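A.B. asks: Okay, here's the structure, questions in a sec.
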Amino acid sequence: MSRARADEEEYWHSSKFRAFTFDDEDDELSQLKESKRAVNSLRDIVDDDDDDDLERVSWSGEPVGSISWSIKETASSSSSSLEGRDSSLQKGSSSYAAFPKQVSSYSLSNLFKGRNKLPSFQSLSDALSDTGIKNYAPELRRPKAEYKDYSSDWSPKDTVRRMQRGKVCSLERFRSLQDKLVLLDEAVAGHDGNVITAVLIFLKRTLRREILFRELEVRQVALCHLIHFLKETGEQKFLLDLLRFLDRTEEVALSQYREHLNIQDVEKRREFLKVCIGLPFSAEDTSHIQDHYTLLERQIIIETNDRHLETAGQSEIFRKYPRKASILNMPLVTTLFYSCFYHYTEAEGTFSSPTNLKKTFKIPDKQYVLTALAARAKLRAWDDVDALFTTKNWLGYTKKKAPIGFHRVVEILQRNNAPVQVLQEYVRLVEDVETRLNLATKYKCHDVVIETYRDLKDRIQLTAYKCKVERGSAEEEKINSILNN
């Protein structure tokens, strides 16, 4: 009996399990320390030259933060399949000394570092590809803070405020007509044209035209924004439908007339303008459309004849001054300048005559004189310039008269390099004395300056001006003669 009792005591004292006492160390803490020592002993087994490059290893034997580690942390169903390898890693360091290197095709450095040292080794991702565990990898989602701009909780007022600050806001959440109209009213109240236009584009895309037109009819600010937007983007059909709904017949006609700008062929444009004459324009606009059609028709005739003359070489002015561009589709003033340059002496009965153009299109005298003066001065035809300002009264006396003022005549002549004798003749005709002196001094018309100071009997200014002329010149002698008289 005593022997059996001794054997029993020996059995209990020789077991690896010990009875619990308050004096013993915490078993779990001792196991953790033992496992940590086991893992750290792997440095002696892993054949890697770069010891500083070793990664941290978790108690399960996987690198902290690696894919397999994340799988084990998040997938509880896979923990049982990996339990055997984890328990083997948590044994004493002596078990690793007997670990055969060539039992498997994986090296420890590959398993713990996730990279191949030889081409024949598989990578860690390839080793895990057949386990099915990769299906439990956590999904990488964007932070919730990044979705706050797309929140569906913003009110119309908050949405408009965010749009004004340049924030991205989705308008698709506003589905009902009432919400969309409130959003539009808030945008108009914010007085931000960009926001109003953005909301209108959204409404244009999501509402039927009849509903949108009806609601915009009572919102004039938004209506003006939409009309301007349609004109800028060239959505002609949508614009015409809107104007017809609003019963703006004249604006409809003007929008249709604007289409001629897109017609490149001259004959087709002429026919289109002929049709536009019958559109419901106002009386003033109808006359403008008629003049446009007549001008284009006249330009076609002039262009055909002048191209023939230039090609045949039958006209001296075309040989001396070849045409630089076609006259087709040019403005009326340009056409008048062209006629004054190439067809100034033609009779009034011809289509290319300047006087015929003046009479047909009712060109004012000031505009005609300015254009004709610029054209004839460019050709240095000073006789034509003189005849342009010479008039006769009922007694037969001639005098010069300029509806634009002779100071402007002088400026145009000077820009075209008119000689001093021609300039002086027209500077003398300037009525205002101060303006005449300024022009004469600026363009060095000495005779006009001397005569003006003489008429003013200003001896001091005349003496001072004597220093500005050349010594021994005719102007100096003239000044001396006046001072000695």
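A.B. asks: For the list (1) open to solvent by less than 30 Å² (accessible area, probe 1.4 Å); (2) over 30 Å from T371 (Cβ atoms), I need the number of the one condition that G472 fails.
C.D. replies: Of everything listed in (1) open to solvent by less than 30 Å² (accessible area, probe 1.4 Å); (2) over 30 Å from T371 (Cβ atoms), G472 misses just condition (1).
A.B. asks: Filter the stretch 475-485 for residues that are surrounded by 12 or more Cβ atoms within 10 Å (Cβ to Cβ) and of a type in the set (D, E, K, R) and give the result.
C.D. replies: E475, E476, K478, listed by residue number.
A.B. asks: Further, regarding this structure: Do any residues in the stretch 214-228 that are touching a residue at least 12 places away in the same chain (Cβ under 8 Å) have Cβ atoms under 9 Å from those of residues that are polar (S, T, N, Q) and open to solvent by 10 Å² or more (accessible area, probe 1.4 Å), where the two are at least six apart or on different chains, and which pairs are they?
C.D. replies: Qualifying pairs under 9 Å: H225/T197; L226/T197.
A.B. asks: Name every residue in the stretch 268-284 that is in a helix (DSSP H, G or I), within 26 Å of S353 (Cα to Cα) and touching a residue at least 12 places away in the same chain (Cβ under 8 Å), in order of residue number.
C.D. replies: R269, R270, L273, K274, listed by residue number.
A.B. asks: May I pose another question? Y426 versus (1) of a type in the set (F, W, Y); (2) open to solvent by 20 Å² or more (accessible area, probe 1.4 Å); (3) in the same structural domain as D384 (by the TED database): which is the lone unmet condition?
C.D. replies: Going through the list (1) of a type in the set (F, W, Y); (2) open to solvent by 20 Å² or more (accessible area, probe 1.4 Å); (3) in the same structural domain as D384 (by the TED database), Y426 breaks only (2).
A.B. asks: Oh, and also: For the stretch 422-458, give me each residue that is assigned to a helix (DSSP H, G or I), basic (K, R) and under 27 Å from R376 (Cβ atoms).
C.D. replies: R436, K442
A.B. asks: Could we say that R269 is assigned by the TED database to the domain that holds R165 and modelled with pLDDT of 90 or more here?
C.D. replies: no
A.B. asks: Take the residues in the stretch 294-344 that are small (G, A, S) and part of a loop (DSSP other than H, G, I, E, B), then tell me which one is farthest from D365 (Cα to Cα).
C.D. replies: Filtering the stretch 294-344 for residues that are small (G, A, S) and part of a loop (DSSP other than H, G, I, E, B), the one farthest from D365 (Cα to Cα) comes out as G313.
A.B. asks: Restricting attention to the stretch 387-424, which residues are among the charged types (D, E, K, R), in contact (Cβ under 8 Å) with a residue 24 or more places away in the chain and touching a strand residue (DSSP E or B) at 6+ places or on another chain (Cβ under 9 Å)?
C.D. replies: If the condition is that a residue be among the charged types (D, E, K, R), in contact (Cβ under 8 Å) with a residue 24 or more places away in the chain and touching a strand residue (DSSP E or B) at 6+ places or on another chain (Cβ under 9 Å), then K400 is the only one that fits.
A.B. asks: Looking at (1) open to solvent by 40 Å² or more (accessible area, probe 1.4 Å); (2) over 30 Å from H260 (Cα atoms); (3) in a helix (DSSP H, G or I); (4) among the aliphatic types (A, V, I, L, M), which is the only condition V218 fails?
C.D. replies: Just one mismatch for V218, condition (3).
A.B. asks: Right, here's the next one. Could you please tell me which pairs satisfy a Cβ distance under 8 Å, a separation of 6+ or placement on different chains, a first residue in the stretch 335-354 that is over 14 Å from T304 (Cα atoms) and free of Cβ contacts under 8 Å to residues at least 24 places away in the same chain, and a second residue that is open to solvent by 70 Å² or more (accessible area, probe 1.4 Å) and not hydrophobic (A, V, I, L, M, F, W, C)?
C.D. replies: Short answer, once both residue conditions are applied: E348/K359.
A.B. asks: Which of the residues that make up the stretch 252-268 are of a type in the set (A, V, I, L, M, F, W, C) and surrounded by 10 or more Cβ atoms within 10 Å (Cβ to Cβ)?
C.D. replies: Result: V252, A253, L254, I263, V266.
A.B. asks: Can you tell me how many residues in the stretch 386-403 are surrounded by 14 or more Cβ atoms within 10 Å (Cβ to Cβ) and modelled with pLDDT of 90 or more?
C.D. replies: Result for the stretch 386-403: 3.
A.B. asks: Same structure again: Out of the residues in the stretch 435-469 meeting the condition of being open to solvent by 40 Å² or more (accessible area, probe 1.4 Å) and among the hydroxyl-bearing types (S, T, Y), tell me which one is farthest from E425 (Cα to Cα).
C.D. replies: T463
A.B. asks: Do we find a residue being closer than 23 Å to E425 by Cα and surrounded by 19 or more Cβ atoms within 10 Å (Cβ to Cβ) anywhere in the stretch 347-368?
C.D. replies: Taking every residue of the stretch 347-368 in turn, at least one turns out to be closer than 23 Å to E425 by Cα and surrounded by 19 or more Cβ atoms within 10 Å (Cβ to Cβ).
The values are calculated or read from the model by the stated rules, or taken from the named source; none is laboratory data. These figures come from a predicted structure and were not determined experimentally. Cβ sites come from the backbone with ideal geometry, for glycine too, and all protein chains shown count toward neighbours. Accessible surface is based on the protein model in full, side chains and every heavy atom, while ligands, DNA and RNA are left aside. Shrake-Rupley method; radii C 1.70, N 1.55, O 1.52, S 1.80 Å.
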